[in-house]
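A.B. asks: What follows is a structure written as structure tokens; I'll ask about it next.
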Amino acid sequence: MATIIKRKKAYSLVYNYTNELGETKQKWETWHTYKDVMKRKAEVENGQQSGVFCAPSNQTIEDFMYDFVTMYGESQWGVSTYDGNTGLIANYVNPIIGQLQIQEFNARAANKYIQVLRKTPPVSTKWRKPKGEVITNQTISGIVKLLRCAFKQAVRWEVIGKNPFDAVTIPKP
């Protein structure tokens with residue numbers, strides 16, 4: 001159950017949630033319009049009643065990707081897939097979106113990320129030189145495929161409520 005409290009010119013939404021340690025915590029969220037706070041109250045109460053409510057967390061995408069690779073990647077991927085995916089994460093995911101909070105990352109941010117990738121120069125290694133000035137559509141497709149899998153796992157682990165990469169348009173390779 002969520003409660004709305006008026007505080008000067010703003011509105012606060014107060015609700016209880018259970019964190020990953022099983023402790024009950026209280027969360028205060030401030031909104032500037034009554035319409036926005038009512039919308040958020042409906043989202044919170046609907047999520048709590050349906051059992052898909054995700055407790056607020058400050059986990060970044062970089063931290064989540066580290067957990068994803070250690071818990072999921074090591075057991076599900078082969079050696080070359082593991083090396084390729086960790087390279088994509090280190091070169092194209094963490095430097096661009098790694099510091100964003102995972103719960104604030106939405107489909108709009110995912111589409112913006114793809115637009116940034118289209119302008120990103122490829123990373124050169126000591127064994128391989130880049131062939132073009134920007135990364136290829138095939139590499140972008142591989143990054144989106146990896147992130148779609150990672151965020152799908154985040155939904156299963158109840159870190160986020162919805163996968164933002166389900167609705168993105170992938171450039172054709």
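The values are calculated or read from the model by the stated rules, or taken from the named source; none is laboratory data. Computed from a predicted structure; not experimentally measured. Don't worry about glycine lacking a Cβ; one is built from the backbone with ideal geometry, like all the others, and counts go over all protein chains shown. Side chains included, ligands, DNA and RNA excluded: accessible areas come from the protein's heavy atoms. Shrake-Rupley method; radii C 1.70, N 1.55, O 1.52, S 1.80 Å.
A.B. asks: Taking the Cβ of LYS172 as the center, what net charge do the other residues with Cβ under 14 Å away carry, scoring Lys and Arg +1 and Asp and Glu -1?
C.D. replies: +2
A.B. asks: Per residue, how much accessible area does the stretch 1-43 have with a 1.4 Å probe, in Å²?
C.D. replies: 80
A.B. asks: If contacts are Cα pairs under 8 angstrom and at least 6 residues apart, what is the relative contact order of the chain in percent?
C.D. replies: 17
A.B. asks: Right, here's the next one. On the accessible surface of the chain, probed at 1.4 Å, how many percent belong to carbon and sulfur atoms?
C.D. replies: C and S fraction of accessible area: 50 percent.
A.B. asks: Still on this model: What is the dipole size for the stretch 3-129, taken about its Cα centre, with +1 at each Lys and Arg Cβ and -1 at each Asp and Glu Cβ, in debye to the nearest 20?
C.D. replies: Computed about the Cα centre, the dipole is about 900 debye.
A.B. asks: If we sort 150-163, 79-92, 2-15 on the protection proxy, mean other Cβ atoms within 10 Å, highest first, what's the order?
C.D. replies: Highest to lowest by the protection proxy: 150-163, 79-92, 2-15.
A.B. asks: Follow-up question, since we're still on this one. Given labels modelled 7 Å from the Cα in the Cβ direction, how far is it in nm from THR70 to LYS8?
C.D. replies: Label-label distance for THR70 and LYS8, simple model: 4.2 nm.
A.B. asks: Further question: For mean projected area of the Cα convex hull in nm², which listed value, [x] 9.8; [y] 10.5; [z] 12.3, comes from the coordinates shown?
C.D. replies: The value computed from this structure is option [z].
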